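Working notes for the structure below.
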């Protein structure tokens, strides 16, 4: 069994950060509207 190294953790965190930034870039309009609604304390009434 292989031990988890600092390099493995760093690679994982860099991958998570990259995916987070890609999702924000892809859904920018939804991100901004959700952020603004959240900062104003508004609740979304969308239920799927």
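The values are calculated or read from the model by the stated rules, or taken from the named source; none is laboratory data. Computed from a predicted model, the values in this text were never measured in an experiment. All Cβ positions, glycine included, derive from the backbone under ideal geometry; neighbour counts span all protein chains shown.
From the set of residues in the range 31-45 that are outside any helix (DSSP H, G or I) and out of contact with any helix residue (DSSP H, G or I) (no Cβ under 7 Å at 6 or more places or on another chain), which is modelled with the highest pLDDT? Within the range 31-45, the match that is modelled with the highest pLDDT is 41. Any residue at all in the range 17-24 that's modelled with pLDDT of 85 or more and surrounded by 11 or more Cβ atoms within 10 Å (Cβ to Cβ)? Within the range 17-24, one or more residues are modelled with pLDDT of 85 or more and surrounded by 11 or more Cβ atoms within 10 Å (Cβ to Cβ).
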